[in-house]
1. When you scan the stretch 25-37, how many residues do you find that are crowded, with 16+ Cβ neighbours inside 10 Å and either within 16 Å of the ligand (Cβ to nearest atom) or not small (Gly, Ala, Ser) (or both)?
2. Within the stretch 44-62, can one find any residue that is within 16 Å of the ligand (Cβ to nearest atom), free of Cβ contacts under 8 Å to residues at least 40 places away in the same chain, under 24 Å from Leu244 (Cα atoms) and of a type outside the set (Lys, Arg)?
3. Output yes when any residue across the stretch 8-21 is touching a Ser or Thr at 6+ places or on another chain (Cβ under 8 Å) and more than 16 Å from the ligand (Cβ to nearest atom), and no when none is.
4. Can you spot a residue in the stretch 116-126 that is β-branched (Val, Ile, Thr), in contact with a Phe, Trp or Tyr (Cβ under 6 Å, 6 or more places away or on another chain) and assigned by the TED database to the domain that holds Gly223?
5. Scan the helices (runs of 4 or more DSSP H) fully inside the stretch 274-359 and keep the ones with 1 or more residues being under 18 Å from the mean Cα position of the chain (by Cα).
6. Among the candidates Ile123, Ile159, single out the residue that is surrounded by 17 or more Cβ atoms within 10 Å (Cβ to Cβ), out of contact with any helix residue (DSSP H, G or I) (no Cβ under 6 Å at 6 or more places or on another chain) and either of a type outside the set (Val, Ile, Thr) or at pLDDT 95 or above (or both).
7. Anything in the stretch 111-132 that is hydrophobic (A, V, I, L, M, F, W, C), within 16 Å of the ligand (Cβ to nearest atom) and touching a residue at least 24 places away in the same chain (Cβ under 8 Å)? List them, or say none.
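The values are calculated or read from the model by the stated rules, or taken from the named source; none is laboratory data. Note that the structure is predicted; figures quoted are calculated from it, not measured. With ideal geometry, Cβ positions are generated from the backbone for all residues, glycine too; neighbour counts draw on all protein chains shown.
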Amino acid sequence: MNKIRKQFPILTRESKLIYFDNGATTLKPKSVIEAEEYYLKTISANPHTNDYQIAYQANEIIAQTRQQTAKFINAASCQEIVFTSGTTFAINQIAQGIKKILKPGDEILTTSLEHSANLLPWIVVAKQVQAKVKTLELNSDGGINLEALKQKITLQTKIVTFAHVSNTFGYENNVLEISKVIRKINPNVIIVVDAAQSVAHTEIDVQKWDIDFLAFSAHKMYGPFGLGILWGKMALLDQLEPLLYGGGMSLTIDENLEDYYLATTPEKFEGGTPNISAIYAFQKSLDFIESISIKEIKSYEKMLKHYFIDQVKQANLQAKIDFYNLDSLSPIVILNVKGINPQDIATFLDLKYHIAARSGSHCARRTVDLINTKVSLRISFAVYNTVEEIDVLIEALKHTDEFLDVLF
Ligand code: PMP
């Protein structure tokens with residue numbers, strides 16, 4: 001464990017930090033930080049040319065990162081990897097790009113657990129074309145209920161979109177089962193998976209799953225900010241309209257300024273200068289994850305969650321704290337200390353115990369439908385967290401009634 005923690009400069013600094021806000025973003029290892037700096041110091045070129053050596057290097061980096069990313073999610077081709085600014089951009093790109101196939105009365109199915117990034121783009125597009133967004137029923141384990149899904153899919157269903165792992169409850173969907181059910185009833189449905197919360201914690205295999213689009217962000221996988229990935233099946237990406245128009249993606253513009261010809265996939269989606277230093281650094285975050293392996297990361301984080309649950313039970317914390325998802329094994333916990341605003345608890349944890357945890361709605365505004373509260377405190381673990389840190393958290397949760405002493 002020390003070997004892993006030592007790679008994160010922020011964890012080895014003098015002022016203590018127990019970082020439990022990994023659902024929002026993970027910390028970055030030295031290799032990622034140094035790679036971003038290396039790019040800026042020694043290459044620094046804008047890749048939209050091959051006229052000189054450092055620009056050629058920049059283009060090589062883009063090609064290598066596409067290759068490595070494709071392998072990571074088992075995409076059929078590196079040309080199916082589109083670089084965006086994040087999951088949010090990727091899903092907006094899918095929704096707006098697909099608009100032309102939607103007609104009034106068409107249906108988009110999703111869940112009430114979605115992050116706003118996988119809900120708002122669909123509500124917006126549905127309004128634009130008079131389609132409808134409908135929610136799917138969930139099982140008691142938080143996954144999409146397959147029987148109810150079967151009933152909901154009709155010839156009007158054009159898109160089914162859902163998070164692989166929810167960013168509030170940490171509930172995991174069985175993507176393969178869901179896609180099998182959908183394909184059997186209506187093979188033309190476009191299946192979109194938001195993997196922002198799962199890609200650094202559990203296996204992804206877009207070909208095995210037989211889905212159509214996947215979106216995720218580098219910064220939640222020990223990688224740089226400002227970089228996201230949109231993966232799509234080649235045939236669908238070819239049909240998708242770009243959301244951004246600009247340099248690097250147009251081949252020609254006719255002399256009357258009436259028509260244009262675009263580059264092919266993936267470049268046609270990457271108008272403007274890419275976040276090239278982040279694209280380089282992202283290679284190092286994939287290397288970091290692969291050096292441990294997703295399988296190991298998953299089993300370690302599961303152990304942390306089990307440990308947390310055991311400690312909660314031993315300390316009888318359920319008497320004073322509402323835990324909403326102790327049944328989920330993903331590394332996310334949401335809770336409310338009875339009678340205390342979660343924001344006060346977050347401040348208390350930070351000021352007294354140096355614990356970073358997040359309060360609020362976690363950008364998933366419809367979870368209120370499930371737990372009858374708009375806000376909660378979210379603790380989310382990652383590979384560098386330890387049982388000793390969880391011990392501190394448990395100690396802190398035992399003493400939450402002292403929160404006013406810290407605040408005033
Ligand atoms: N979907 C989920 C499930 C998320 O957890 C997040 C980030 N909280 C997003 C989408 C949006 O990611 P980003 O802000 O990096 O675009």
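1. Final tally of qualifying residues: 8.
2. no
3. Looking for residues that are touching a Ser or Thr at 6+ places or on another chain (Cβ under 8 Å) and more than 16 Å from the ligand (Cβ to nearest atom), one finds none in the stretch 8-21, hence no.
4. No, the conditions are met nowhere in the stretch 116-126.
5. Counting at least 1 such residues, we get 276-292, 294-314.
6. Ile159 is the lone residue from the list that is surrounded by 17 or more Cβ atoms within 10 Å (Cβ to Cβ), out of contact with any helix residue (DSSP H, G or I) (no Cβ under 6 Å at 6 or more places or on another chain) and either of a type outside the set (Val, Ile, Thr) or at pLDDT 95 or above (or both).
7. Those that are hydrophobic (A, V, I, L, M, F, W, C), within 16 Å of the ligand (Cβ to nearest atom) and touching a residue at least 24 places away in the same chain (Cβ under 8 Å): Leu113, Ala117, Leu119, Trp122, Val124.
Results for (1) more than 23 Å from Asn118 (Cβ to Cβ); (2) away from the ligand (no atom under 14 Å from the Cβ); (3) touching a Ser or Thr at 6+ places or on another chain (Cβ under 9 Å), shown as yes or no for each residue.
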| position | (1), (2), (3) |
| --- | --- |
| Lys180 | no, yes, no |
| Ala200 | no, no, yes |
| Ile204 | no, no, yes |
| Leu214 | no, no, no |
| Ser217 | no, no, yes |
| Glu241 | no, yes, no |
| Ile253 | yes, yes, no |
| Leu262 | yes, yes, yes |
| Asn275 | no, no, yes |
